[in-house]
Amino acid sequence: MNVLLCATCGTRLTEPVRQLDEPPEYPGWDGLPGPDGRRHGPASVPRGTYVVDPLPFGWPFEPVGPDEEYDGVVPGGMWMSDERGFLVSAGPRGTYVLHPDDVLAITPHPESQRLIGCCGPDGRAGVNHLCGCGAEVAIVAADCTSRYETRLVPDAVRVEAGA
Ligand SMILES: [Zn+2]
């Protein structure tokens, strides 16, 4: 089991968690409120585990380059569009994907536009939670349109093995 720490101040940010080799298959969701009364999908990973996502996640979103062929596979699985056309995620790669209940000691980002979502933050606006020391450490996704997960940003945390 490992724990993840804030790289800036050393605060422990997770319960003891075990790294999975691959992300579990994501279960479908009926869109109904869960037992806690909140509308979010099932968690991306079970309690007590985490997985490293090699693909870019969330903000910023950038246009697909003119020389890049778009083959229908969306890099990172996240995309959006605006007046520039079709955009794909150029966000952080290698984020640590955790069950939200395994992540401790984070507080919402003071820039409320980062927390935009329908029933909760959708995680597309970049880092939206801070460590107690103010470091930008986590992307919480808990919307009815998103997965249910908390991602720790690799540049902002370190993994401590053992425990
Ligand atoms: Zn910290």
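Taking all Cα-Cα distances within the stretch 1-65, those exceeding 18 Å account for 61%.
Summary of the geometry: the stretch 96-163 and the stretch 34-59, compared by the centres of their Cα atoms, lie 10 Å apart. Its Cα gyration tensor gives the stretch 105-163 an equivalent ellipsoid, and the semi-axes of that ellipsoid, as √(5λ) in whole Å with the largest first, are 21, 14, 8.
Using the alpha carbons alone, the radius of gyration of the chain stands to its Kirkwood radius in an Rg to Rh ratio of 0.97.
As a fraction of the 1.4 Å probe accessible area of the chain, surface on carbon and sulfur atoms comes out at 53 percent.
The values are calculated or read from the model by the stated rules, or taken from the named source; none is laboratory data. Here the structure is a predicted model, which means the values were calculated and not measured. What goes into the accessible areas is simple: the full protein's heavy atoms, side chains included, and nothing from ligands, DNA or RNA. Shrake-Rupley method; radii C 1.70, N 1.55, O 1.52, S 1.80 Å.
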